[in-house]
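Remarks on the structure that follows.
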Amino acid sequence: MSGQPTVKPDSAISDSTGVAGFLRSIISVGRELLSGRAAETTVSAAGLTEECHQLLHHRGEASGLALADEVNKTYLHLDDAQKLLFFQSLNQEFAVNPTQVIAAANHYSERPNHDTLIQITKAVEAPRVRLFRRMNMAPGGTSTLVKLRGDLLKVLPQHPELKAVDADLKHQFISWFNKGFLELRAIDWNSPALVLERIIEYESVHAINGWDDLRSRLRGDRLCYAFFHPALPNDPLVFVEIALTTGIPTAISPLLDLSRKTATDTEFDTVVFYSISNCHPGLAGVSFGNFLIKQVVEEISKRHAQAKTYVTLSPVPGFYRWLSESAAEHGVDAAEIQAMAESQGENAPSASRDVALKLCAHYLINEKSGHLAMDPVARFHLGNGARLAGIHWAADLSEKGLKQSAGIMVNYHYDIGAIERNHDAYFDRGEIAVTKGINRLLG
């Protein structure tokens, strides 16, 4: 394959050495201890549920690890229908026992002390939480549980009764994936091939079209940083792609151009975050991106002190849908705006462009989900303390850019001295920091 990197040994601990190898040797012993059990002939939710009950009540270390390993592997072999049945079992058979909670609360009411408080704590923790912790002990357990929650989130809209299962698992992830465990790594052409393959696979904003495209995004004036977790050593959790430019960009195509001239350190003054990709659906709601942006700013400022401006070039993924739903209210045709961007680009009539930009500014600033911005990308950057700095017509004419944003893209400015002030104003008072140019669009 043209431009493909040389495959190098992964930096992860191999299965035959270190902690992973030690756990595998214990599991091997545990399998021998469990060898007398009747083996399941088919993979099913019912069989997995029984394995989970055994795991919860098992006390042996080696056999317990072997059981956890079995549970993880069995889950990964279930089809979608069986997974749903298993989720329902987690909800029903591994839930909190209300009688035990009431009894513990009564004991505490009668004798409020440390011991009775601990009884309440134990009673309100669902058995499935202990099950998740035991599954996580086996090699690959964290990865399995992340996949499990990803599968659960797919069916949650149709099965809201499973929300308690999701809440318990998400709560565990918030602890397991807290900032103290995360490792920031620079991704370059010398990174392990497995990591590079996953960057291509996980890119969710601007698709990477093969190895040549990836090489272009990692050379010279292009950077990439990712967060990793010790349990997923070569599987990024979230990554950001960065362009080093002269001035603030107003369109994505020049940043992705494979034939571009590479800028030298003395030629650029701006750091552009043009793509942020969360890699695992199962980690939805576990925040990494805000830590990533701030830590990357700190890293780049050490290496490239001449770059004083930090901005994004971001999509507006909810704009076209909102525009379509509110077109009559605003007297516009969303499809017509989209088609005009695609066919005429910068040559579209200025009056029509101005209408679209004004509506986009209104959408970003005034349309809310609760007290925060409706648009998910705006909500993320404004919540991080960025300022809405620019809105650009015909900035992304890809199929995805037209479908989501009618071709419009946005700059969010990360002013290091104002980030915390903007963050507090946004969450405390709902105030959005904007430039004078944005205010003129709203006027």
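Every number here is computed from the coordinates shown, using simple stated rules; none is lab data. For clarity, every value in this text was computed on a predicted model and none was experimentally measured. Heads up, the Cβs are rebuilt from the backbone with ideal geometry, glycines too, and the neighbour counts pull from every protein chain shown.
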Where only C-alpha atoms are counted, convex hull volume of region 339-397 per residue in Å³: 88
At R0 = 60 Å, FRET efficiency that the Cβ-Cβ distance of K436 and V124 yields, to 0.05: 0.70
Estimated distance in nm for a label pair at H304 and T99, the labels positioned 7 Å out from Cα along Cα-to-Cβ: 6.5
Taking W211, W393 and counting other C-beta atoms within 10 Å, the order from fewest to most: W211, W393
Set of region 120-137 residues, backbone N closer than 12 Å to the point 7 Å along the Cα-Cβ line of A164: 124-129
Answer label for percent of Cα pairs over 38 Å apart (calculated), chosen among (1) 36; (2) 40; (3) 22: (1)
Fewest-first sequence of T250, T312, T99 by Cβ atoms within 10 Å of each Cβ: T99, T250, T312
Prolate/oblate/rounded label for region 183-442 (Cα gyration tensor, a/c 1.5): prolate
Farthest positive-ward along the chain dipole, Cα basis, beta-carbon charges - from V146, P254, I174: I174
Rounded tilt (10° steps) of 114-124 against the dominant C-alpha axis of the chain: 70
Residues M340, M137, sorted so that the one with the fewest Cβ neighbours within 10 Å comes first: M137, M340
Where N is the number of residues in region 333-435, Cα Rg divided by 2.2 N^0.38 Å: 1.14
